1. Go through (1) modelled with pLDDT of 95 or more; (2) over 25 Å from residue B:37 (Cα atoms) and name the single condition residue A:91 misses.
2. Residues B:6, B:41: which one is farther than 18 Å from residue B:68 by Cβ and within 11 Å of chain A (Cβ to nearest Cβ)?
3. Within the bounds of segment B:83-95, is there any residue that is in contact with a helix residue (DSSP H, G or I) (Cβ under 9 Å, 6 or more places away or on another chain) and within 14 Å of chain A (Cβ to nearest Cβ)?
4. Taking residue A:50 as the residue in question, decide whether it is within 14 Å of another protein chain (Cβ to nearest Cβ), surrounded by 15 or more Cβ atoms within 10 Å (Cβ to Cβ), in contact with a strand residue (DSSP E or B) (Cβ under 6 Å, 6 or more places away or on another chain) and at pLDDT 95 or above.
5. Would you mind telling me which numbered condition in (1) in contact with a strand residue (DSSP E or B) (Cβ under 6 Å, 6 or more places away or on another chain); (2) closer than 18 Å to residue A:43 by Cα; (3) in a loop (DSSP other than H, G, I, E, B) residue B:40 fails?
6. Out of (1) within 13 Å of chain A (Cβ to nearest Cβ); (2) over 23 Å from residue A:31 (Cα atoms); (3) more than 14 Å from the chain's Cα centre (by Cα), the odd one out for residue B:100 is which?
7. Quick one: in segment A:85-114, which of the residues that are more than 11 Å from chain B (Cβ to nearest Cβ) and touching a helix residue (DSSP H, G or I) at 6+ places or on another chain (Cβ under 8 Å) is surrounded by the most Cβ atoms within 10 Å (Cβ to Cβ)?
8. Count, please, the residues in segment B:18-58 that happen to be without any contact (Cβ under 8 Å) to a residue 24 or more places away in the chain, surrounded by fewer than 18 Cβ atoms within 10 Å (Cβ to Cβ) and closer than 21 Å to residue B:110 by Cβ.
C-alpha cells in the first residue's frame, strides 16, 4: 500500500513571491505522482503528473514539480504566485500502470496575500 | 467539450432517506470513481468501476451503493445506513488503457443532512 503526506495544511505567501508545497510519499513499488488544484466548491483539476522520464515536470498555470526518488518527494513549486492561485492543492500517488488505486494527501491550502 | 457532469450541485437529505447522486461522463473513459471529501481529511474512495456492470468497494463503502449499467453513467446512492453523510461528493474518471492516468473530476455534489 502507498501513502502520501502533505506536511503543511496551510501556506500563506505574498503575491509575486515564490512558493513550494511539500509532498512526500511511501510505496514499495514504482509510482505515478500527481498534483491537483481545487478552488472553493469545485472539483479537482489536474495540474501536472509524473509517470516516467524527466524528473522535472511542468504543468498548467506556471507550476512545476520535481520527482526525487531518493527523498520520496514530489514538491510543487511556482516562482511567482498570483492572487488567483489561492486554492487547495492535493498531491496523489498510484502504483504505476493499469487500474490502480489512487491515494490522495490531505491537501495544502495556499493563501496568496496581496 | 468532454467532461463529467454531477447533479445536483446541492442536495438536502432528511434522516432515514435514501438519495441518489448523478454522475455522467462523455469522455469515453472506462473507469469511474466516487470520492467523499471532508475538511482536513482529503479524499476517500467510496466505490470504483473499471468496466460496465462491474464495480468494487473502496475504503469507505458502508452505507453507499452504486450501479454501472452504462459506460457513461455511475450513480451513487447514499442510503439511510450511512450515519454521517454530510460531505462533498466527487465523481471522477480515467482510462489507463488509453494512457490516461490522471483523473478528470466533476464539479461535485454537496450533501447536507437536515
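1. So the condition that residue A:91 fails would be (2).
2. Only one candidate qualifies: B:41.
3. The answer is no; no qualifying residue exists.
4. no
5. (1)
6. (2)
7. For segment A:85-114, the residue satisfying everything is A:110.
8. 4
The values are calculated or read from the model by the stated rules, or taken from the named source; none is laboratory data. Fair warning: this is a prediction, and the values are worked out from it, not measured in the lab. FYI the Cβ positions are ideal-geometry reconstructions off the backbone, even for glycines, and counts take in every protein chain you see.
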